[in-house]
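The values are calculated or read from the model by the stated rules, or taken from the named source; none is laboratory data. This structure is a prediction, so every number in the text was calculated from the model and none was measured. Cβ placement follows ideal geometry from the backbone for every residue including glycine, while neighbour counts extend to all protein chains displayed. Please note that ligands, DNA and RNA were not included when accessible areas were found on the heavy atoms of the full protein model with its side chains. Shrake-Rupley method; radii C 1.70, N 1.55, O 1.52, S 1.80 Å.
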Amino acid sequence: MNDHELTVRLAPSVGSFDAAEWNALGGDRNPFVSHEFLTALEDSGSVGEGTGWDPVPIVITDADDRLIAAMPSYAKGHSQGEYVFDRSWADALHRAGRNYYPKLQIAAPFTPANGPRLLLSDPALSGHLLKAAEMVCAQNGLSSAHATFIDPEQIALFEAGDWLMRSDIQFHWSNRDYRSFDDFLDELASRKRKNLRKEREAARLGLRIERLSGGDIKPHHWDAFWVFYQDTGARKWGTPYLTREAFTLLGERMSERMVLILAYDDDCPIAGALNFIGSDAIYGRYWGCTRDVRFLHFELCYYQAIDIAIKLGLPRVEAGAQGGHKLARGYEPVQTWSAHWIAEPGFRAAIADFLDRERRGVATDQVFLDARTPFKKGG
């Protein structure tokens, strides 16, 4: 493809593009870079004016004005809702008398789930997108650009662009061709297997668990889940990131790619968890409750997701950020990756040194955690 036939530009929103055209670049496989998900955030006011997440997608079109590459990007005035923590970097630059914000964030907002950050019809276009992000920063006085929770298959593209790589650890469940939850339990050490069975029994005692997808999710289900989501958001970060309207729009636009799990005491919903379905994973995203029931969080967020993955034949469950308690429940440590471009050379060198030391620490942590999974140890 002739580079002179390409147009690289900033767009005002993901919603300014046709859904099929955008999704053809990767949104048909990963729910969080889909046109439906990203525009639901835009149209509901979850991102945009007043949120500190201003959509500025970087796109490439060809001579016929067809969309051939895109990058879901946001001008950020803070570091909230990212799950890759850089506040110490911001403080360091501030102490040096310079501004860290605004910055460019290449991400699925509020979503610590792996996915493509370079949406490409041709891998050769990756360099153009990365250079465009760097130019956006340089021309607008932004300190840096950050691509978070990169699909592992795209790490090499960012490395080729000389972006700095950062790693962390999440806990994912892997489907080893299990036919049932009991098949999975059979892989665990005896004591762990008994513990999980007891937890499931205790969590479900006296309750009814319901899974809903597609048209079965009604407005009153979203009303109940909104209460749960608000409670969790208020306790974790003060103000929930998503508006109530976001759940309505997500339900209208992509309910077939979602599974809402609700726990009822008689006919009263008391807790819920929302999952998204991708081509190769189920992603646990939001959870909340109005009544504390021992082990119910594990049942709705972890064990139900495993059940669904086995039923759908999905290779893994990604249950979100943090949570060392997932380890005892069959979720294994997996490295996640982000990539960073820093404008100021001296600051870049300091960050590169920090990341080199941090990566060694993360690798050591993973070895430690790998030895403590609940699976049977080989003879």
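Annotations
- You can think of it this way: the chain between residue 370 and residue 348 has 4.7 nm of extra reach, that is 0.36 nm per residue less the Cα-Cα gap.
- For the stretch 249-309, the square roots of the Cα gyration tensor eigenvalues, ordered a ≥ b ≥ c, give a/c of at least 1.5 with a/b no greater than b/c, which places it in the oblate category.
- Distance from the Cα centroid of the stretch 100-167 to that of the stretch 298-372 is 19 Å (rounded to whole angstrom).
- The loop-placed trypsin sites (Lys or Arg not before Pro) in the stretch 157-189, going by DSSP, that have at most 14 neighbouring Cβ atoms within 10 Å of their Cβ come out as 176, 179.
- Between residue 291 and residue 49, the modelled label-to-label distance comes to 4.3 nm, taking each label 7 Å out from Cα in the direction of the beta carbon.
- In this calculation the C-beta distance from residue 176 to residue 135 is compared with R0 = 45 Å, giving a FRET efficiency of 0.50.
- Rolling a 1.4 Å probe over the heavy atoms of the protein chains gives the stretch 76-182 an accessible area of 41 Å² per residue.
- Gyration tensor (alpha-carbon) shape descriptor, the stretch 145-241, a/c threshold 1.5: oblate
- Here is how the number arises for the chain: DSSP H runs of 4 or more residues each give -39500 (n - 2.57), the sum is divided by the residue count, and the result at 222 nm is -10500 deg cm²/dmol.
- Within the chain: Cβ-based charge dipole about Cα centre, in debye rounded to nearest 20 (Lys, Arg +1; Asp, Glu -1): 1820
- In Å², nearest 10: area of residue 192 left accessible to a 1.4 Å probe: 50
- Surface composition of the stretch 162-287: carbon plus sulfur atoms contribute 45% of the solvent-accessible area (1.4 Å probe, protein chains only, all chains present).
- Phi-based couplings in Hz for the stretch 248-253 (Karplus 6.51, -1.76, 1.60; Gly and Pro marked x): 4, 5, 4, x, 6, 9
- Under a model in which nothing but the beta-carbon of Lys, Arg (+1) and Asp, Glu (-1) is charged, the stretch 84-214 shows a dipole of about 740 debye around its Cα centre.
- Calculated FRET value between residue 325 and residue 266, using beta carbons and R₀ = 22 Å, to 0.05: 0.15
- Karplus 3J(HN,Hα) series, Hz, for the stretch 184-198 with 6.51 cos²θ - 1.76 cosθ + 1.60 (x for Gly, Pro): 4, 4, 5, 7, 8, 4, 3, 5, 5, 4, 5, 4, 5, 4, 5
- Amide H contacts under 5 Å for residue 332: 172, 173, 174, restricted to partners 5 or more places along the chain or on a different chain, H placed in the peptide plane at 1.01 Å from N.
- Ranked by the mean number of other Cβ atoms within 10 Å per residue, highest first, peptides 244-252, 156-164, 105-113 order as 105-113, 244-252, 156-164.
- The GluC sites (Glu not before Pro) of the stretch 29-105 that DSSP puts in a loop, and whose beta carbon has at most 10 other beta carbons within 10 Å, are 49.
- When only alpha carbons are used to place a centre, the stretch 194-210 and the stretch 242-270 end up 22 Å from one another.
- Between residue 153 and residue 91, the modelled label-to-label distance comes to 3.9 nm, taking each label 7 Å out from Cα in the direction of the beta carbon.
- Put simply, when 340-351, 221-232 are sorted by average Cβ atoms within 10 angstrom per residue, most first, you get 221-232, 340-351.
- Probe 1.4 Å, protein heavy atoms only - accessible area per residue of the stretch 230-308 in square angstrom: 39
- Each label point was placed 7 Å from the Cα along the Cα-to-Cβ direction; for residue 197 and residue 7 their separation is 6.5 nm.
- 3J(HN,Hα) from dihedral phi, the stretch 59-69, Karplus parametrisation 6.51/-1.76/1.60, rounded to Hz, x for glycine, proline: 9, 10, 10, 8, 5, 9, 6, 8, 6, 10, 7
- FRET efficiency, residue 160 to residue 19 (Cβ-Cβ, R0 30 Å, nearest 0.05): 0.50
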